[in-house]
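Asks: Structure in structure tokens, see below.
The values are calculated or read from the model by the stated rules, or taken from the named source; none is laboratory data. The structure presented is a predicted model; accordingly, all values stated were derived computationally and were not measured. Here the Cβ positions follow ideal geometry from the backbone for every residue, glycine too, while neighbour counts run over all protein chains shown. Quick note on the areas: whole protein, heavy atoms, side chains included, nothing else; ligands and nucleic acids left out. Shrake-Rupley method; radii C 1.70, N 1.55, O 1.52, S 1.80 Å.
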Amino acid sequence: MNKAEQRSIIEKYVEAYNSFDTSAMLNDLHEQVVFQNISGGEVNLKTKGKAAFREQAEAAKNYFSERQQTITHWEYVSSDLVRIGITYRGVLAVDLPSGMKAGETLELTGSSEFRFRGQQIIGIVDES
């Protein structure tokens with residue numbers, strides 16, 4: 001798969017994420033996709049398989065009334081690994097254990113890595 005194809009798949013994934021469209025997020029995921037979220041250097045969420053990813057993505061939609069990931073840069077690490085820089089802005093729909101309240105805005109910067117197997121994403125690591 002070439003860089004343009006990888007870029008297109010990642011852009012569609014981010015667009016689907018921003019639109020709360022879980023089905024579209026799953027379109028280019030491998031059945032055995034592994035997802036990890038890392039915050040502050042610690043893995044706080046890990047799923048394996050498309051079904052587990054769907055379940056997590058559906059649950060996560062309930063935390064935000066709005067959310068927007070914006071791609072800030074692209075790094076083609078290897079033929080099967082792409083890292084993007086992101087800025088993230090989300091408006092909370094619920095109170096969080098951290099003390100943030102519904103209606104407050106969460107803003108983060110971070111990165112996402114996408115590992116490909118053939119024409120599909122086999123791994124995603126989000127880090128903030």
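Asks: Just report the Cα centroid separation between the stretch 28-67 and the stretch 72-122, whole Å.
Replies: Using only Cα atoms, the two centres lie 10 Å from each other.
Asks: If you don't mind, another one. If each DSSP helix of 4+ residues adds -39,500 (n - 2.57) and the sum is divided by the residues in the chain, what number results at 222 nm, nearest 500 deg cm²/dmol? Each step should come with its number before you reach the end.
Replies: Numbers: 3 runs with 33 residues, N = 128.
Value at 222 nm, helices only, nearest 500: -8000 deg cm²/dmol.
Asks: Now a separate question. Tell me, what is the percent relative contact order of the chain, built from C-alpha pairs under 8 Å that lie six or more residues apart? The partial results should precede the final answer.
Replies: On the way: 242 pairs, mean separation 31.4, N = 128.
Result for the chain is 25 percent.
Asks: Mind pulling the angle between the C-alpha long axis of helix 3-18 and the longest principal axis of the chain? Nearest 10 degrees, somewhere in 0 to 90.
Replies: Once rounded, the angle reads 20 degrees.
Asks: Over the chain, with the other protein chains present, what is the accessible area per residue in square angstrom, probe 1.4 angstrom? Before the final figure, lay out the partial values.
Replies: Working: 7040 Å² over 128 residues.
Accessible area per residue: 55 Å².
Asks: How much length, in nm to one decimal, is gained on full extension between Leu106 and Asn27, taken as 0.36 nm per residue of separation minus their Cα-Cα distance?
Replies: Details: separation 79, 0.36 × 79 = 28.44 nm, distance 2.75 nm.
Between Leu106 and Asn27, full extension yields an extra 25.7 nm.
Asks: Of Val82, Asn18, Thr109, which is farthest along the charge dipole of the stretch 17-126 in the positive direction, counting Lys and Arg as +1 and Asp and Glu as -1 at C-beta?
Replies: Projecting each Cα onto the dipole axis, the largest value belongs to Val82.
Asks: Also, quick follow-up: First check a/c for the stretch 49-101, with a ≥ b ≥ c the square roots of the eigenvalues of its C-alpha gyration tensor; if it is under 1.5, answer rounded, and if not, answer prolate when a/b is larger than b/c or oblate otherwise. The partial results should precede the final answer.
Replies: Working: a/c = 3.03, a/b = 1.55, b/c = 1.95.
It comes out oblate by the Cα gyration axes.
Asks: Answer with one residue from Gln36, Gln68, Val91: the one whose Cα lies farthest towards the positive end of the charge dipole of the stretch 23-128, charges on Cβ with Lys, Arg +1 and Asp, Glu -1.
Replies: Result: Gln36.
Asks: If you don't mind, there's one more thing I want to ask. What do you get for the angle between helix 50-61 and the principal long axis of the chain? Use alpha-carbon atoms, 0 to 90 degrees, nearest ten.
Replies: Here the helix axis deviates by roughly 30 degrees.
Asks: Considering only protein heavy atoms and a probe of 1.4 Å, how much of the accessible area of the stretch 13-128 is carbon and sulfur, as a whole percent?
Replies: Working: 2920 of 6270 Å².
For the stretch 13-128, the apolar C and S fraction of the accessible surface comes to 47 percent.
Asks: So what's the net charge close to Gly49: Lys and Arg +1, Asp and Glu -1, counting the other residues with Cβ under 13 Å from its Cβ?
Replies: Details: positive: Lys46, Lys48, Lys50, Arg54; negative: Glu31, Glu55.
Value of the local net charge: +2.
Asks: Jot down the radius of gyration and Dmax of the stretch 12-128, Cα atoms only, both in angstrom.
Replies: Taking only Cα atoms of the stretch 12-128, I get Rg and Dmax of 14.0, 42 Å.
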